[in-house]
Structure formats: structure tokens, C-alpha cells
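Undergrad: My questions all concern the structure below.
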Amino acid sequence: MTELDLLEPFIAGGEVIDQFVVPLSSSNGSKRSSVKQTGSESTAEELTCALIRSEHGLVILMSAVEPDSQYVPGPLAANDLKILVRSLPESAFLWQITPTGLWPLETSRKAGGTEIRIPRFNMTAALMVATDQGVAQEMERKIQQIQSRSAELSLALAETKFERVQKIDLELNELGVGLSAGSHLMLQSRRLIEESRLSLKKQHYHQARDNAEMACQLLRILQRTHWQNAVQHLSSPTSVPHAVCFQTLPDYWKLIQLLGKQEETPQTSLVHSANFEDADAMRVEGWTRDVTSSNQVAVYDALDPSHVHEGEYCLRMVSVPTENQPVVTLDDPVVRYE
């Protein structure tokens, strides 16, 4: 049995009746900035929630999202998190479902719905809403079957993550780009992992998993801070391949240091008309137009003054379908899987 088996009765035949997004407050009260990118609409952590109704009751699935987390996720956690949910039965009981325990949650009626208080949120959460105590008893029975294994896996994950982060953090320190708070975060994470081991030996499964998750949270803070320090002057993390994840940050800094040692200055373009500023100069230097003869596509180019990055003109090339001639972009034979 896995964690998904705990939720299966609710989500297998359930129906999503509401979805909403709320701000996620930082667990340590600090504000973490994201890499500025063109078109970015949000710079704060958010909590996406989905309310699912089934014959067994309601579940609220919660997941934290953060700008740029596809590169290096941050802590994605909060203490004393409060969310307002509408349309909950007044007589309902609420619990937080975890693989090591079922925990009742504090609720209060507010204007617009029911306010739910979650003492500690970490990346994701599943809340169960039911009016029948029998549903909770059945859930606790299932949790007892997986709690020891879940605690063991959480500890193993924290130990593996610690070793991996420690290795990269040491490399970054040797390169001279270490963090002043790095050693403190590593020591705190190590202490929590040791406490998790002790709790597991005592069969305190929930405490073991909780400490392991907090250790991973501290490691994510360290990873995210290292990454933000590296990409703060980049227009986009994807502009340098080594900047798209934490594990390759040593390679990124080695590249930066190598480029800084280069004595040669960048060469100017050997093709003087390659800045697309002078049409006559382009013709003299041999620029030609090779336009497609397709009946489905119309192609044109021009020196455009409206989208320049520098100078007065840029080269604009456009291809569009001709009138009443949709373009077939892909025409492959059927692939059969057996």
C-alpha cells in the first residue's frame, strides 16, 4: 500500500467541485525573490487547491508553486498556514492525511466560508472532510499499514539529499562562491536527520518523517539561495546550460571564471552589413533573397524599425499560410504499439 492508496477512494470516482489559489507565506518570514523574466506575472509563492467530492466525503489537495521552481525549487513551506474554503458542511470534521498519521485540524467559521489552520505545510498536503467518524477510522487503519515504511523512505531521502547537497556546497565553497549561511543550514539539516534516525528507532514514525522533511526543507533553502546567487545577472537561466539546476552550478562558476581570464576582446563582425542597418551595403556584400516557391506559404522579409534591440533596423522574416491554404506541418504514417 502507498500514499496514493490512502486517497484512492476519494479521487478515483471523485469530482472536482472547486479550485482556488491563495498566497503561501514563507515559513521563516523572509521574502525570496525570483529571477526576473519577460512575461512573468507572479513573483510570489502560491498555493493551488482543488476540492474533490466523492461518496466517502471531500478531500482538499494542496500543492505549493513558485516562480522558477522548475530549475531549483525553494522551501515551499509555511508554518501556521490558514486557508479559507467555501461550501464546507458545518458539521464536518477535518483531518490532514499523512502517511504516518491522521491529524485533526482546527477550523472556524468566517465570512465567506470555513477557515482551516494547518500547523505546518510542506510542499503538498491532503485534507479530508467527512461527517462520518467511520471514514476516519478506516483511514487510520490504512495508515498503520504504511507508516513505518513511509518513515524509513523519508529518512533515506533526506540522507541521500544531504550527501548530494553537501558535495556541491563544498565545491562551491572551494570556488569562492560559498554562502555565509551555508554551514549553519547544513548543520541544522544534519541535526534533524540524526533526530529522525533516533525517532525511527523508537518507532515514533510521524516524528521521524517530520524531521526528515524539515531537513530537506533546509537543504532546499540552501540550494535555492546558491542558484539565485548564480543567476541573478542572467536574463534567463536557460541562457547558460549549467545554470538550469543546482548540481551543475560548479560547472557554471568554472565557466564564468574561465571567461573572466580571457585576454582577447570580442571581435567585431567581419560582415559589416550583418547589423541590417544599410540595405545598399547588404546588396554590395552579396546578400540575396531565396524565397520558397510553395503555393501554401507566403514568405517575405524586410528591414523593420519597430522591433529593434540596437540601431535603427532589424531583419524581420515572416512566413504565413496563403489564403484558404492551411499548411500541413506533419504527415507521418500511423505508429502501432503492441
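The values are calculated or read from the model by the stated rules, or taken from the named source; none is laboratory data. All of these numbers come straight from a predicted model, not from anything done at the bench. Methodologically, a virtual Cβ is constructed for each residue, glycine included, from the backbone with ideal geometry; neighbour enumeration extends over all protein chains shown.
Undergrad: For the list (1) surrounded by 15 or more Cβ atoms within 10 Å (Cβ to Cβ); (2) touching a residue at least 12 places away in the same chain (Cβ under 8 Å); (3) not hydrophobic (A, V, I, L, M, F, W, C), I need the number of the one condition that residue 91 fails.
TA: All conditions are met except number (1).
Undergrad: Please find, among 194, 171, the residue that is of a type in the set (Asp, Glu), more than 24 Å from residue 63 (Cα to Cα) and exposed (fewer than 13 other Cβ atoms within 10 Å of the Cβ).
TA: Details: 171 fails: exposed (fewer than 13 other Cβ atoms within 10 Å of the Cβ).
Result of the check over 194, 171: 194.
Undergrad: Looking only at the stretch 237-273, which residues are of a type in the set (Gly, Ala, Ser) and at pLDDT 80 or above? Steps first, please.
TA: First, the residues of the stretch 237-273 that are of a type in the set (Gly, Ala, Ser): 239, 243, 260, 269, 273.
Within the stretch 237-273, 239, 243, 260 meet the criteria.
Undergrad: Could you identify the single residue in 120, 141 that is among the basic types (Lys, Arg), within 30 Å of residue 246 (Cβ to Cβ) and not assigned by TED's automatic domain parsing to the domain that holds residue 201?
TA: On the way: 141 fails: within 30 Å of residue 246 (Cβ to Cβ).
Selected residue: 120, the only one of 120, 141 that is among the basic types (Lys, Arg), within 30 Å of residue 246 (Cβ to Cβ) and not assigned by TED's automatic domain parsing to the domain that holds residue 201.
Undergrad: A further question on this structure: On the basis of being under 30 Å from the mean Cα position of the chain (by Cα) and under 20 Å from residue 63 (Cβ atoms), does residue 151 make the cut?
TA: Details: under 30 Å from the mean Cα position of the chain (by Cα): yes; under 20 Å from residue 63 (Cβ atoms): no.
Spelling it out, it is not the case that residue 151 is under 30 Å from the mean Cα position of the chain (by Cα) and under 20 Å from residue 63 (Cβ atoms).
Undergrad: From the list 113, 178, which residue is touching a Leu at 6+ places or on another chain (Cβ under 8 Å) and free of Cβ contacts under 8 Å to residues at least 12 places away in the same chain?
TA: Numbers: 113 fails: free of Cβ contacts under 8 Å to residues at least 12 places away in the same chain.
Selected residue: 178, the only one of 113, 178 that is touching a Leu at 6+ places or on another chain (Cβ under 8 Å) and free of Cβ contacts under 8 Å to residues at least 12 places away in the same chain.
Undergrad: Answer yes if at least one residue in the stretch 58-73 is more than 24 Å from the chain's Cα centre (by Cα) and not small (Gly, Ala, Ser), and no otherwise. Lay out the reasoning, then the answer.
TA: Of all residues in the stretch 58-73, those more than 24 Å from the chain's Cα centre (by Cα) come to 58.
Retained after the next criterion (residues that are not small (Gly, Ala, Ser)): 58.
For the stretch 58-73, residues more than 24 Å from the chain's Cα centre (by Cα) and not small (Gly, Ala, Ser): present.
Undergrad: Does residue 154 satisfy the condition of being crowded, with 20+ Cβ neighbours inside 10 Å and of a type in the set (Ser, Thr, Tyr)? So that I can check it myself, show each step before the final result.
TA: Working: crowded, with 20+ Cβ neighbours inside 10 Å: yes; of a type in the set (Ser, Thr, Tyr): yes.
For residue 154, the condition - crowded, with 20+ Cβ neighbours inside 10 Å and of a type in the set (Ser, Thr, Tyr) - is met.
Undergrad: Suppose we filter the stretch 233-266 for residues that are in contact (Cβ under 8 Å) with a residue 40 or more places away in the chain, in contact with a Lys or Arg (Cβ under 9 Å, 6 or more places away or on another chain) and surrounded by fewer than 19 Cβ atoms within 10 Å (Cβ to Cβ); how many remain?
TA: The qualifying residues number 2.
Undergrad: When only residues in the stretch 48-66 that are of a type outside the set (Val, Ile, Thr) and in contact (Cβ under 8 Å) with a residue 60 or more places away in the chain count, which is surrounded by the fewest Cβ atoms within 10 Å (Cβ to Cβ)? Even if it seems obvious, please write down each step before you answer.
TA: Let us first name the residues in the stretch 48-66 that are of a type outside the set (Val, Ile, Thr), namely 49-51, 53-58, 61-64, 66.
Of the ones still in play, those that are also in contact (Cβ under 8 Å) with a residue 60 or more places away in the chain are 56-58, 61-64.
On the way: 56: 19, 57: 21, 58: 23, 61: 19, 62: 21, 63: 14, 64: 22.
Once the filter is applied, the top-ranked residue is 63.
Undergrad: Within the group 126, 136, 130, which residue is closer than 30 Å to residue 22 by Cβ, modelled with pLDDT of 95 or more, out of contact with any Lys or Arg (no Cβ under 6 Å at 6 or more places or on another chain) and assigned by TED's automatic domain parsing to the domain that holds residue 81?
TA: Values: 136 fails: modelled with pLDDT of 95 or more; 130 fails: modelled with pLDDT of 95 or more.
Answer to the check: 126.
Undergrad: If only one of 129, 177 is surrounded by 14 or more Cβ atoms within 10 Å (Cβ to Cβ), in contact with a strand residue (DSSP E or B) (Cβ under 7 Å, 6 or more places away or on another chain) and hydrophobic (A, V, I, L, M, F, W, C), which one is it? Give the steps one after another, and end with the answer.
TA: Numbers: 177 fails: in contact with a strand residue (DSSP E or B) (Cβ under 7 Å, 6 or more places away or on another chain).
Exactly one residue qualifies, and that residue is 129.
Undergrad: Looking for something outside any loop (DSSP other than H, G, I, E, B) and of a type outside the set (A, V, I, L, M, F, W, C) - is there at least one such residue anywhere in the stretch 289-296? Break it down stepwise before answering.
TA: First pass over the stretch 289-296, keeping only residues outside any loop (DSSP other than H, G, I, E, B): none.
Among the residues of the stretch 289-296, not one is outside any loop (DSSP other than H, G, I, E, B) and of a type outside the set (A, V, I, L, M, F, W, C), which makes the answer no.
Undergrad: Quick check: anything in the stretch 94-102 touching a strand residue (DSSP E or B) at 6+ places or on another chain (Cβ under 7 Å) and of a type in the set (Ser, Thr, Tyr)?
TA: To start, the set of residues in the stretch 94-102 that are touching a strand residue (DSSP E or B) at 6+ places or on another chain (Cβ under 7 Å) comprises 94-97, 102.
Then drop every residue that is not of a type in the set (Ser, Thr, Tyr), which leaves none.
Checked against the condition, which is being touching a strand residue (DSSP E or B) at 6+ places or on another chain (Cβ under 7 Å) and of a type in the set (Ser, Thr, Tyr), the stretch 94-102 yields no hits at all.
Condition check ((1) touching a Pro at 6+ places or on another chain (Cβ under 6 Å); (2) part of a strand (DSSP E or B); (3) touching a residue at least 40 places away in the same chain (Cβ under 8 Å)) across all residues:
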position	(1), (2), (3)
74	no, no, yes
87	no, no, yes
95	yes, yes, yes
108	no, yes, no
117	no, yes, no
127	no, yes, yes
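Undergrad: Could you please find all residues in the stretch 297-328 being part of a strand (DSSP E or B) and in contact with a Pro (Cβ under 7 Å, 6 or more places away or on another chain)?
TA: 297
Undergrad: Being in a helix (DSSP H, G or I) and of a type in the set (Lys, Arg) is the filter; apply it to the stretch 197-232 and report the residue that is farthest from residue 185 (Cα to Cα). Don't jump to the end; show me each part of the working.
TA: As a first pass, look at the stretch 197-232 and keep what is in a helix (DSSP H, G or I): 197-201, 205-231.
Add one more test, that the residue is of a type in the set (Lys, Arg), and what stays is 197, 201, 209, 220, 224.
Values: 197: 19, 201: 25, 209: 19, 220: 10, 224: 12 Å.
Among those that are in a helix (DSSP H, G or I) and of a type in the set (Lys, Arg), it is 201.
Undergrad: Residues 133, 144: which one is over 13 Å from residue 7 (Cα atoms) and touching a residue at least 24 places away in the same chain (Cβ under 8 Å)? Break it down into steps so the answer makes sense when it comes.
TA: Values: 144 fails: touching a residue at least 24 places away in the same chain (Cβ under 8 Å).
Sole residue among the options that is over 13 Å from residue 7 (Cα atoms) and touching a residue at least 24 places away in the same chain (Cβ under 8 Å): 133.
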